[in-house]
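Peer 1: Take a look at this one; I'll ask things after.
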Amino acid sequence: MNAKELAALLNGREYLQEITDDEAKQAHAAGLVVMHGGSDDLVYFAGAISDELGANDGGEFMLTSKGLVRSECDEGENCPYFEKLKAGAAVVEALWCKEPDYSWTYKTAIPHETFEIVEDGFPYCRGIVFALADVKGIAE
């Protein structure tokens, strides 16, 4: 499975039924990451990254080919180690209500495919699928 095939499979899914556990396992095995929004303040990652992060009014998420970049220091984002990690990371920007008809959309330089999540037949989120391996070279 590649990003294009997975995006096509997910396209048109209903909100809260975006990806099955089996599909997430297949995505993980293929090194693919699925990102989509939930509610008005969450971003979900499935596949090679499995996580749920807050994104009230949108936000930026930093990645390397190893996954999400997070601060592990007591100083939080002011940690010198974290600053070094951020400098080599690729960014995915989660956009809340920035495009007509969509609550969630994403912007990134990482090569990716898009898919649409609907809620009651109306557009809700334009999610993305990308290969974690494609982050390498952009950010590292």
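The values are calculated or read from the model by the stated rules, or taken from the named source; none is laboratory data. Computed from a predicted model, the values in this text were never measured in an experiment. So basically every Cβ, Gly included, is an ideal-geometry build from the backbone, and we count neighbours across all protein chains shown.
Peer 1: Please tell me if residue 77 is modelled with pLDDT under 95 and assigned to a strand (DSSP E or B).
Peer 2: Details: modelled with pLDDT under 95: yes; assigned to a strand (DSSP E or B): no.
It is false that residue 77 is modelled with pLDDT under 95 and assigned to a strand (DSSP E or B).
Peer 1: Restricting attention to the stretch 102-124, and to residues there that are surrounded by 17 or more Cβ atoms within 10 Å (Cβ to Cβ) and charged (D, E, K, R), which single residue is farthest from residue 64 (Cα to Cα)?
Peer 2: 116
Peer 1: A further question on this structure: Please go through the stretch 42-55 and pick out each residue that is in contact (Cβ under 8 Å) with a residue 24 or more places away in the chain, of a type outside the set (Ser, Thr, Tyr) and over 14 Å from residue 7 (Cα atoms).
Peer 2: Result: 43, 48, 49, 55.
Peer 1: Restricting attention to the stretch 37-54, which residues are on the phi > 0 side of the Ramachandran plot and surrounded by 15 or more Cβ atoms within 10 Å (Cβ to Cβ)?
Peer 2: First, pick out the residues of the stretch 37-54 that are on the phi > 0 side of the Ramachandran plot: 39, 47.
Across the stretch 37-54, the qualifying residue is only 47.
Peer 1: When the stretch 55-74 is examined, which residues are found to be surrounded by 15 or more Cβ atoms within 10 Å (Cβ to Cβ) and either at pLDDT below 80 or not hydroxyl-bearing (Ser, Thr, Tyr) (or both)? Before you say what the answer is, go through the steps one by one.
Peer 2: Quick first cut of the stretch 55-74, residues surrounded by 15 or more Cβ atoms within 10 Å (Cβ to Cβ) only: 55, 58-59, 61-65, 67-69, 71.
The answer is 55, 58, 59, 61, 62, 63, 67, 68, 69, 71.
Peer 1: Restricting the search to the stretch 94-125, which residues are in a strand (DSSP E or B) and under 16 Å from residue 61 (Cβ atoms)?
Peer 2: Restricting attention to the stretch 94-125, the residues satisfying the condition of being in a strand (DSSP E or B) are 94-99, 102-108, 113-119, 122-125.
Correct list: 94, 95, 96, 98, 104, 105, 106, 107, 108, 125.
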